[in-house]
1. Please count how many residues of segment 61-76 are among the aliphatic types (A, V, I, L, M) and either in a helix (DSSP H, G or I) or over 15 Å from Lys47 (Cα atoms) (or both).
2. Given the criterion surrounded by 12 or more Cβ atoms within 10 Å (Cβ to Cβ) and more than 17 Å from the chain's Cα centre (by Cα), identify the matching residue among Leu33, Leu89.
3. Considering each of Ala82, Ala69 in turn, give the residue that is among the aliphatic types (A, V, I, L, M), exposed (fewer than 15 other Cβ atoms within 10 Å of the Cβ), within 16 Å of the chain's Cα centre (by Cα) and closer than 16 Å to Val108 by Cβ.
4. Inspect segment 6-29 for any residue being modelled with pLDDT of 80 or more, surrounded by 14 or more Cβ atoms within 10 Å (Cβ to Cβ), out of contact with any strand residue (DSSP E or B) (no Cβ under 9 Å at 6 or more places or on another chain) and not hydrophobic (A, V, I, L, M, F, W, C) and give the result as yes or no.
Amino acid sequence: MAMMSQTGLGSDFGLPGTPSLTTMSPGMVNMELVEEANTTKHQQVEKHLASYQQQAASKNVSVDLKCYAATGSVGSQICQIAQGLNIDLIVLGRKGHNAITEALLGSVSNHVMHHAPCAVLIIQ
């Protein structure tokens, strides 16, 4: 069983960006719009993953997919889900930040690479 993850999916699928809640005061956030954007993003991700599943099926490869929404420490959550589902392989995308940016912001792929209970494939 393999697990795929990608961060920042909104921009990759041409979706409008979700406002950063850390830079806005609570009075400025329209939670209905944020929820709508998250729902739209989730639907787009599921559609994208379904196309990968169809490609695999056309080559007689069976793939089970499930889309998870995560907040907070995404790297930790990926590792927990992988352990709970007995995943064999995690496939992650990487944005390629420089060392300073990665040190300040952290890196999901770096965390998963060092804490995952299984093999990890990182694609840049």
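The values are calculated or read from the model by the stated rules, or taken from the named source; none is laboratory data. The shown structure was predicted, so the numbers you read here are calculated from the model rather than taken from an experiment. All Cβ positions, glycine included, derive from the backbone under ideal geometry; neighbour counts span all protein chains shown.
1. Start the filter on segment 61-76 by keeping residues that are among the aliphatic types (A, V, I, L, M), which leaves 61, 63, 65, 69-70, 74.
Add one more test, that the residue is either in a helix (DSSP H, G or I) or over 15 Å from Lys47 (Cα atoms) (or both), and what stays is 61, 70, 74.
Within segment 61-76, residues that are among the aliphatic types (A, V, I, L, M) and either in a helix (DSSP H, G or I) or over 15 Å from Lys47 (Cα atoms) (or both) number 3.
2. On the way: Leu89 fails: more than 17 Å from the chain's Cα centre (by Cα).
Answer to the check: Leu33.
3. Values: Ala82 fails: exposed (fewer than 15 other Cβ atoms within 10 Å of the Cβ).
None of the others qualify; the one that does is Ala69.
4. First, the residues of segment 6-29 that are modelled with pLDDT of 80 or more: none.
Scanning segment 6-29, I find no residue that is modelled with pLDDT of 80 or more, surrounded by 14 or more Cβ atoms within 10 Å (Cβ to Cβ), out of contact with any strand residue (DSSP E or B) (no Cβ under 9 Å at 6 or more places or on another chain) and not hydrophobic (A, V, I, L, M, F, W, C), so the answer is no.
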